[in-house]
Structure formats: structure tokens, C-alpha cells
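Please read the structure below before turning to the comments.
The values are calculated or read from the model by the stated rules, or taken from the named source; none is laboratory data. No experiment lies behind these values; they were computed from the predicted model shown. Cβ placement follows ideal geometry from the backbone for every residue including glycine, while neighbour counts extend to all protein chains displayed. Just so you know, the surface numbers come from the protein's heavy atoms only, side chains and all, with ligands and any DNA or RNA stripped out. Shrake-Rupley method; radii C 1.70, N 1.55, O 1.52, S 1.80 Å.
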Amino acid sequence: MRTHYCGQLNSRLIGQEVTLCAWAHRRRDHGGVIFIDLRDREGLAQLVCDPDRPEMFRIAESVRSEFCLRVTGRVRARPNGTVNTTIASGEIEVLCHTIEVLNPAVTPPFQLDEENLSENIRLLHRVVDLRRPQMQRNLRLRYQVARAFRRFLDDAGFIDVETPMLTKSTPEGARDYLVPSRVHPGQFFALPQSPQLFKQLLMVAGFDRYYQIVKCFRDEDLRADRQPEFTQVDIETSFMDETSIIALMEELIRRVFKEALDVELPNPFPRLGYAEAMRRYGSDKPDLRVTLELVEVTDAVKDVAFKVFSGAANSVGGRVAALRIPGGASLTRGEIDAYSQFVGIYGARGLAYIKVNDVSSLDESGLQSPIVKNLHQHALRAIVERTAARSGDLIFFGADKAKVVNDALGALRVKIGHEKGFLNDRTWAPVWIVDFPMFEYDDESQRWTACHHPFTSPKDDHLPLLDSDPGQCLAKAYDLALNGAELGGGSVRIHRADVQETVFKALGIGAEEARQKFGFLLDALKYGAPPHGGLAFGLDRIVAMMAGADSIRDVIAFPKTQRAQCLLTDAPSPVNEKQLRELHIRLRHRVDTPGDAHSHSPG
């Protein structure tokens, strides 16, 4: 039906007849001559409709925004002074010979160039929203990124293998989405949170190198970078150690950014141990564009009179850290109060600070703060020296459990860094985080939990710690962070059944429970399972970062809201009683659906 896309027209086609199929973006009547901007996925082209073709002109007069049209015409150069340099076809226009309205359109709910649209309006009318140029660019970028992943992995000997969408519930991480079985009353499938176990089984089966661009599902609380269903590039390989996997995946990400965005990422990426990342940045996904760093002062304030500091410094798992803001003494009290409120989001009970008016005077004449009189000279000297404070600086402090301090000051570091311009010249700052703890202790459940997942291998020389001191055990795990966001993460897996059973034991998973949940894996590991490992990259997040989008919803065709709803299709929605009976389900609190004969009281 067409010979060209609108955005592909250029001066080389002058004099040729073309046929276009697209949408009317805008119509303008200039005193008897009608101009129509025609839009398709490749861009815009300007149509000129003269009244010397009466039938065509009559149809052109009836065209409105978003009419779907088929047009034939002759390409000609635009008159002098009317070239549009903002579009690819800006040097030419199409003198219209015929117009066919393939389908008229009702008035759209918003104009495609309208700004400041509410997200709910956009998602409710997603089909129209997806016609907007920015959304068209985002989804084309997503395609280009996925294509770049596939090209690299195909060339590197990986094969694409599909794994099941209906699988067994093994709730060790986020909540599963459950699917009731009609033919097995009272039993449920789960939608996969990850193909983790299946890709390990593929390694045992000898496929050696596997990948899949796959949908995963987690029934968890949502944020801007979370969706109940999301897409990851899932990768697994045999006979490679941590160093080899990291090197190969680093090459992959460099290739993807080059192909999809024409960006040269650094070679090699820097690497940070988890402990160092938390100490310096308060985060295991640090934004290395920000030049500010946290400084440890816990040992220096153990015996000060200020109980907020000494209490945290002497408590198990406590931390006192400082964050120096160069020139920060000029911050207003309102700004400082706003930062204090900000850290409260992360559980901090306040934000102590010292204004350094004169760094040579370690008393209240040189250091301005209500807490100075409760800090002795040794503590003040250590704080000033370790932070490298200068006159005119300000030092913020966090004092609490280490997690609270890290979360609060780590977030504050990034916020102030971007707001006040404490940034280096890097646009993209990738970093590998390695040497993660194998376990973290959950005070609520009074047991160890896996930092990554229960199938991550401990460091070889840390195997004895699984029984004696799990908290000191490090894992063969690695995450890739970029500009303060996690792009992906993975690990070398446990490939020996006895080690896997020992890890389950450390996690408080007894032999019977392990057999019930993971018996198929334990059995498979006994059939000569090779050493293997891998990782998964979050495709949605990578594309969102490349596109400069605030939310991954802007790079997903049909996303859910933050309440896990699809406004376009009105999902989730009730189902009728017949469907529930087939699934052997009765609701305790019934919401009637259209077609139900009568209401149902709670059962």
C-alpha cells in the first residue's frame, strides 16, 4: 500500500511519485491551500493540497487529527525560506494527487505534542500515547538494545532457550504470582520470578551457554523502577569463573551501549568490594559521578558526651559516618532542615551537622553547631582531618544502625551531589561491585537469609565458614551498577549437592523442606553438574537510562501503574462464578461481576 515511510523522504526523491500510509498529525488551511503534516513511525512529511484537484481537495478539507490516510503525490523541493531543519524530510514536500481516508478518528483525548500530561491519562489512553514521538523513539530504542544483546550473545556461542512460564512456587524472595490449576484442585503454579533454576538445569544438561530475553513476575510493592512483570536478559554459562564471566559481560554491555546509543563506555570498568562501597558511598550501587564520599568516624566518637554518637558507636552493628559538603557552610537553615526531613525517609532520626567557619579553631568559635560542646578535641580533630574539611565547609553526620546510616547518608550524598553540582565529567559511570556477603541476618525471623539467592556459591576458602561463622562468609557474586542504578547482577552457582545442602542448612531450610522445594535441583547436581554461573540484566532499566526516562513505564509498551493495574484493559478484574467453580475457588469477600445472577455473601 505504500512506497516509502514519511521520515524517509528526502531531496533525492524530488520528481518521483510516492505513496504514503500514515496519520494526519496536523492540518492547516492557508487561504485555499491545505497543508497536512503526515506522521508515521519514521517521522513527518508535509503534504500540499491544491484546489485544482477538486475531489482530492474536498477530502483534504474533511481530514482531522489522527485520521488514517493513504496518499499519493509528487515529491518536490520546498520553496525558499520554508525548509524545516528539525525533521528529516524538511527539504521537501509532497504535492498531493489523491487522498484516501482509510479510517477517520474521533477527537483524541490529548494532542500528541501536549506536555505535562498526567500518567493516568496517558496509561488510560495508551494507544494514543504510544503514537507520541518520544514513545515511538523509546520503543525503537528498546528494540535496538534487545537486538544488540542478541547479536553479541549469538556471536559468543550462546543459544536462546525458552523456559516455563508455569512453574513451582519456591517463595524465598518476593511474593509469587500464583495460578490455580483446574485439573489439580487446590494446587497452584507460580509465574517465575526468574528462570534461575531452569537455567542451572540447562547447564547440567550440557547446553554450556544459554540466554533468554524473558518476562519475570514479582508480586511486590512497586516504585518507579519496578513492575509486576518485567523483562530481563538472562544469561548462564559453564566452565567460567567470576573473573571470566565479569570480563565477558563487561564486553557485552560496552557493545550494547555502542550499538544502541553510540556511546563508548570505559575499558575496563572499575571494581569495588562490597565493604568498601558501603563504607565510602553507603550503597552497593554507587553513583560514581558524584564526588562526595562518606567518612568513617565511629571509633573517634565512642567516648564523647553526645549520646547520639557514642550510643551508635558502642552498639552492635552501629555506625557513625560523616559527609563533608565543600562550601556547605553557606547552606541556609531551611536547606539543612529539608535535608534532615529527607533522610527521615530512610529511617534516620535526624541529621547532625557542623559548620566549619574556621578550620584552625577546634572549638565553638571555629566550629558552629549545638553538638560541638559535647565532642572532645580528639574527636573533633579526627573528624576534621579525616574529612579533609576546610573553612567554609559543612559536615553532615549519620549515627544509627549501619544500614540506616548507609541508606540515609548514601541517598543524601547523591541528592546533594546532583543538586549542588558535586559531579565529575563522566556521563556514564559503570562499576562492578564484588565480594558480597553470602548472608545477612534478619532480626525479625531470627535467621540468616541469602544476600543474592540460595544458589550462590561461597568463595572457595570460605566453605568452612558456612558452619562456623556464616556472617563472615563471602560469595562469588557480582553486580553491575551504572550511575547509581543496578543494571544487573549474578553469581557463580553452587554445583555440588553437598555444598547446596550445607547452604540450605545455614539458611534454616531443613532437609525435608529442601527436598520438597528443591529436590529436582539437588538430584540434578548429582549427575556431574559442571561449574557454572551467570547473571541477569534488567532490560527495562537499561533502556530507561539510555532514553533518559524517569520511569521504566516510559519504555514498556503496556505497563502497569504503581498499584499494579492496567488502566487500558482494566486489569486485574473480577471473574464470574463459573470460572471460579472450575478452579475450585470460592471468594471470602465477593465483588460481583457483570453477568452474575445474584450477589454472594462472604463464604
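For this structure, a couple of remarks:
- For Asp540, the test of being at pLDDT 95 or above, under 19 Å from the mean Cα position of the chain (by Cα), of a type outside the set (A, V, I, L, M, F, W, C) and within 30 Å of Leu252 (Cβ to Cβ) is passed.
- Set side by side, the residues Ile552, Ile542 differ, and just one is touching an Asp or Glu at 6+ places or on another chain (Cβ under 6 Å) and under 30 Å from Pro266 (Cα atoms), which is Ile552.
- Residue that is open to solvent by 60 Å² or more (accessible area, probe 1.4 Å) and in contact (Cβ under 8 Å) with a residue 24 or more places away in the chain, where the choices are Ala300, Ala275: Ala275
- If you filter the range 82-117 down to residues that are more than 30 Å from Glu55 (Cα to Cα) and out of contact with any helix residue (DSSP H, G or I) (no Cβ under 9 Å at 6 or more places or on another chain), you find that the one that is least open to solvent (accessible area, probe 1.4 Å) is Glu114.
- Filter result for Glu42 (of a type in the set (Asp, Glu), open to solvent by 80 Å² or more (accessible area, probe 1.4 Å) and touching a residue at least 24 places away in the same chain (Cβ under 8 Å)): no
- Pair list, Cβ < 7 Å and 6+ apart or interchain, from the range 520-542 residues that are under 19 Å from Ala475 (Cβ atoms) to residues that are among the acidic types (Asp, Glu) and at pLDDT 95 or above: His532/Glu236; Gly534/Glu236; Ala536/Asp234
- Residue within the range 196-214 that is at pLDDT 95 or above, within 22 Å of Ala549 (Cβ to Cβ) and of a type outside the set (Lys, Arg) present: yes
Let's see how each residue does on (1) within 22 Å of Pro180 (Cα to Cα); (2) modelled with pLDDT of 95 or more; (3) surrounded by fewer than 10 Cβ atoms within 10 Å (Cβ to Cβ):
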position: Leu568; (1), (2), (3): no, yes, no
position: Arg581; (1), (2), (3): yes, no, no
position: Arg588; (1), (2), (3): yes, no, yes
position: Val591; (1), (2), (3): yes, no, no
position: Asp596; (1), (2), (3): yes, no, no
position: Pro602; (1), (2), (3): yes, no, yes
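- Of the residues Ala408, Ala388, Ala379, the single one that is within 28 Å of the chain's Cα centre (by Cα) and among the small types (Gly, Ala, Ser) is Ala408.
- Pro286 falls short of the stated requirement of being outside any strand (DSSP E or B) and either touching a His at 6+ places or on another chain (Cβ under 9 Å) or open to solvent by 50 Å² or more (accessible area, probe 1.4 Å) (or both).
- The residues of the range 312-356 that are on the phi > 0 side of the Ramachandran plot and either in a strand (DSSP E or B) or in contact with a strand residue (DSSP E or B) (Cβ under 7 Å, 6 or more places away or on another chain) (or both) amount to a single one, Gly317.
- Condition met for Arg53 (touching a Cys at 6+ places or on another chain (Cβ under 9 Å), basic (Lys, Arg) and open to solvent by 20 Å² or more (accessible area, probe 1.4 Å)): yes
- Filtered by the rule that a residue be without any contact (Cβ under 8 Å) to a residue 60 or more places away in the chain and touching a Lys or Arg at 6+ places or on another chain (Cβ under 9 Å), the range 364-383 gives Glu364, Leu367, Gln368, Ser369.
- Residues that are under 23 Å from the mean Cα position of the chain (by Cα) and over 23 Å from Tyr478 (Cα atoms) are absent from the range 267-289 altogether.
- Strands (runs of 3 or more DSSP E) completely within the range 363-456 that count 3 or more residues being open to solvent by less than 20 Å² (accessible area, probe 1.4 Å) and at pLDDT 95 or above: 394-401, 430-434
- Among the residues making up the range 236-250, those that are assigned to a helix (DSSP H, G or I) and in contact (Cβ under 8 Å) with a residue 40 or more places away in the chain are Glu242, Ile245, Ile246, Leu248, Met249, Glu250.
- Residue selected from the range 457-485 under the condition in a loop (DSSP other than H, G, I, E, B) and touching a residue at least 40 places away in the same chain (Cβ under 8 Å), by the criterion nearest to Ala506 (Cα to Cα): Ser457
- Cβ separations smaller than 7 Å between residues 6+ apart or across chains give the following pairs from the range 95-109 residues that are among the acidic types (Asp, Glu) to residues that are open to solvent by less than 70 Å² (accessible area, probe 1.4 Å) and in a strand (DSSP E or B): Glu100/Leu69.
- Qualifying positions in the range 1-39 - among the hydrophobic types (A, V, I, L, M, F, W, C) and open to solvent by 70 Å² or more (accessible area, probe 1.4 Å): Met1, Ile14, Trp23
- Apart from one condition, Phe188 fits all of (1) over 29 Å from Gln562 (Cα atoms); (2) among the aromatic types (Phe, Trp, Tyr); (3) open to solvent by 40 Å² or more (accessible area, probe 1.4 Å); the exception is (1).
- One residue from Arg58, Arg64, Arg74 being open to solvent by 70 Å² or more (accessible area, probe 1.4 Å), touching a Pro at 6+ places or on another chain (Cβ under 8 Å) and at pLDDT 95 or above: Arg64
- Test: Ile556 is at pLDDT 95 or above, open to solvent by 10 Å² or more (accessible area, probe 1.4 Å), among the hydrophobic types (A, V, I, L, M, F, W, C) and under 12 Å from the mean Cα position of the chain (by Cα): yes
- Note on the range 303-338: residues that are within 15 Å of Ile416 (Cβ to Cβ) and buried (at least 21 other Cβ atoms within 10 Å of the Cβ) amount to 6.
- Of all residue pairs spaced 6 or more apart or on separate chains, those with beta-carbon atoms under 6 Å, a first member in the range 10-22 that is more than 16 Å from Arg78 (Cβ to Cβ) and a second member that is open to solvent by 50 Å² or more (accessible area, probe 1.4 Å) and in a strand (DSSP E or B) are Glu17/Arg74; Cys21/Arg70.
- For Gly157: the one exception among (1) of a type outside the set (Ser, Thr, Tyr); (2) on the phi > 0 side of the Ramachandran plot; (3) open to solvent by 60 Å² or more (accessible area, probe 1.4 Å): (3)
- Of the residues making up the range 166-181, not a single one is in contact with a helix residue (DSSP H, G or I) (Cβ under 7 Å, 6 or more places away or on another chain), among the charged types (D, E, K, R) and more than 21 Å from Arg151 (Cα to Cα).
- Hits in the range 191-232 - residues which are acidic (Asp, Glu) and either open to solvent by less than 40 Å² (accessible area, probe 1.4 Å) or within 15 Å of Gly534 (Cβ to Cβ) (or both): Asp208
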